[in-house]
Amino acid sequence: MPRQSPGLREVAAHPEDFIFLRIRRVILCFGLRAERSIKPFVIGRKAWLFSNTARGAKASAIIYSIVETAKENGLKPFAYLEYCLEQLPNRDLTDPASFATLLPWSDDLPRHLHLHRA
């Protein structure tokens, strides 16, 4: 019998906590995907020790969230952050609609930010 990873044992023990989707004999478990995306953050937690204040921890969490969301949307994280930081001074910060083209899933992002687009 093949060994199950601890993550699969968790899914088997608590299937109600995970969303399953069956596509052409492949079952995708979205709970495990989220778990995998935070793994680098957990492994590198000692590098985050500089966050010795609540504000520092919040700033780290925001940047980490932006980077992981960019990765999930097929963007180059550094290039995406650089682009956003270049564009933000030119936006109306009081108008939430002005940020729509900067969101990682926007079709208006430049092609060079995408990992697999020419």
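The values are calculated or read from the model by the stated rules, or taken from the named source; none is laboratory data. Everything quoted here is computed from the prediction, not taken from an experiment. FYI the Cβ positions are ideal-geometry reconstructions off the backbone, even for glycines, and counts take in every protein chain you see. For accessibility, only protein heavy atoms count, side chains too; no ligands or nucleic acids. Shrake-Rupley method; radii C 1.70, N 1.55, O 1.52, S 1.80 Å.
For the reader, a short list of remarks on this structure follows.
- Breaking point among (1) at pLDDT 85 or above; (2) open to solvent by 70 Å² or more (accessible area, probe 1.4 Å), for Ile23: (1)
- Residue list for the range 72-118, restricted to those being in contact (Cβ under 8 Å) with a residue 12 or more places away in the chain, assigned to a loop (DSSP other than H, G, I, E, B) and aliphatic (A, V, I, L, M): Leu109, Leu115
- Screening the range 88-118 for residues that are in contact with a Ser or Thr (Cβ under 8 Å, 6 or more places away or on another chain) and over 23 Å from Lys39 (Cβ atoms) and picking the one that is surrounded by the most Cβ atoms within 10 Å (Cβ to Cβ) gives Leu109.
- Matching residues, the range 80-118, being more than 18 Å from Thr69 (Cα to Cα) and of a type in the set (D, E, K, R): Glu86, Arg91, Asp92, Asp95
- Residue check for Ser106: in contact with an Asp or Glu (Cβ under 7 Å, 6 or more places away or on another chain) and of a type in the set (S, T, N, Q): no
- In the range 59-87, residue farthest from Lys39 (Cα to Cα) [restricted to those that are modelled with pLDDT under 90 and surrounded by fewer than 14 Cβ atoms within 10 Å (Cβ to Cβ)]: Ala59
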